[in-house]
1. Run His22 past the list (1) open to solvent by less than 60 Å² (accessible area, probe 1.4 Å); (2) out of contact with any helix residue (DSSP H, G or I) (no Cβ under 8 Å at 6 or more places or on another chain); (3) at pLDDT 80 or above and report the number of the one that doesn't hold.
2. Filter the stretch 1-19 down to the residues that are in a loop (DSSP other than H, G, I, E, B), open to solvent by less than 80 Å² (accessible area, probe 1.4 Å) and not aliphatic (A, V, I, L, M) and list them by number.
3. Just name the residue that is modelled with the lowest pLDDT out of those in the stretch 39-51 that are open to solvent by less than 70 Å² (accessible area, probe 1.4 Å) and polar (S, T, N, Q).
4. Check the stretch 25-38 and report whether any residue there is open to solvent by 50 Å² or more (accessible area, probe 1.4 Å), touching a Phe, Trp or Tyr at 6+ places or on another chain (Cβ under 9 Å) and either farther than 20 Å from Thr100 by Cα or of a type in the set (A, V, I, L, M) (or both).
5. How do the pairs read when you match residues in the stretch 77-103 that are touching a residue at least 60 places away in the same chain (Cβ under 8 Å) and open to solvent by less than 60 Å² (accessible area, probe 1.4 Å) with residues anywhere that are assigned to a strand (DSSP E or B) and hydroxyl-bearing (Ser, Thr, Tyr), using Cβ under 9 Å and keeping only pairs 6 or more apart or on different chains?
6. Of everything in the stretch 6-43, what is closer than 17 Å to Arg87 by Cβ, within 14 Å of the chain's Cα centre (by Cα) and of a type outside the set (Phe, Trp, Tyr)? Give them in sequence order.
Amino acid sequence: QVCPGLRTPQVPVWLCSLCGRHSILFGTDSKLLSHWRAERVFHLHFYTGQQQQSTAAHLTIDTHSHHWEEDPSSPGRRRPSVEMAIRTKWAGATVSWNGTDPFF
């Protein structure tokens, strides 16, 4: 039998399969599950479990950014797979990698 904590997590957790590799995307703010206002600007952590990644990448998601705020020098720039996965839930969101070089 599955315990209630696994059926209803306390914080948001997504298991991802990106480019044939498994990873985890999670938040530490439980309000993200119940309060839509928490979805304005929030933080997620991304961990792949690969040897070259020793700590989770800290991502800042802004769901109310505007397309004209993006870098105009790269209109057709390819986005990392994890950013595209995040945008399946929050269309048009911008993702800041907070100093980490984007990967995956």
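1. Going through (1) open to solvent by less than 60 Å² (accessible area, probe 1.4 Å); (2) out of contact with any helix residue (DSSP H, G or I) (no Cβ under 8 Å at 6 or more places or on another chain); (3) at pLDDT 80 or above one by one, His22 breaks only (1).
2. First pass over the stretch 1-19, keeping only residues in a loop (DSSP other than H, G, I, E, B): 1-3, 8-12, 19.
The next check asks that each one be open to solvent by less than 80 Å² (accessible area, probe 1.4 Å); those that pass are 2-3, 9, 11-12.
If the condition is that a residue be in a loop (DSSP other than H, G, I, E, B), open to solvent by less than 80 Å² (accessible area, probe 1.4 Å) and not aliphatic (A, V, I, L, M), then Cys3, Pro9, Pro12 are the ones that fit.
3. Pass one, the stretch 39-51, residues open to solvent by less than 70 Å² (accessible area, probe 1.4 Å): 39, 42, 44-46, 48-50.
So of that shortlist, the ones also polar (S, T, N, Q) come out as 48, 50.
Numbers: Thr48: 88, Gln50: 81.
Once the filter is applied, the top-ranked residue is Gln50.
4. Residues of the stretch 25-38 open to solvent by 50 Å² or more (accessible area, probe 1.4 Å): 26, 28-31, 33-37.
Still in the running and touching a Phe, Trp or Tyr at 6+ places or on another chain (Cβ under 9 Å): 26, 29, 31.
In the following step, the residues that additionally are either farther than 20 Å from Thr100 by Cα or of a type in the set (A, V, I, L, M) (or both) were identified as 29, 31.
Yes, the stretch 25-38 contains at least one residue that is open to solvent by 50 Å² or more (accessible area, probe 1.4 Å), touching a Phe, Trp or Tyr at 6+ places or on another chain (Cβ under 9 Å) and either farther than 20 Å from Thr100 by Cα or of a type in the set (A, V, I, L, M) (or both).
5. Listed by first residue and then by second, the contacts come to Val82/Ser23.
6. Pro12, Cys16, Ser17, Leu18, Ser23, Leu25, Gly27, Leu32, Glu39, Arg40, Val41, His43 - these are the residues of the stretch 6-43 that are closer than 17 Å to Arg87 by Cβ, within 14 Å of the chain's Cα centre (by Cα) and of a type outside the set (Phe, Trp, Tyr).
The values are calculated or read from the model by the stated rules, or taken from the named source; none is laboratory data. Keep in mind it's a predicted model, so treat the numbers as computed, not measured. Please note: Cβ atoms are built from the backbone with ideal geometry, for glycine as well, and neighbour counts cover all protein chains shown. These accessible areas exclude ligands, DNA and RNA; they are computed on the full protein's heavy atoms, side chains included. Shrake-Rupley method; radii C 1.70, N 1.55, O 1.52, S 1.80 Å.
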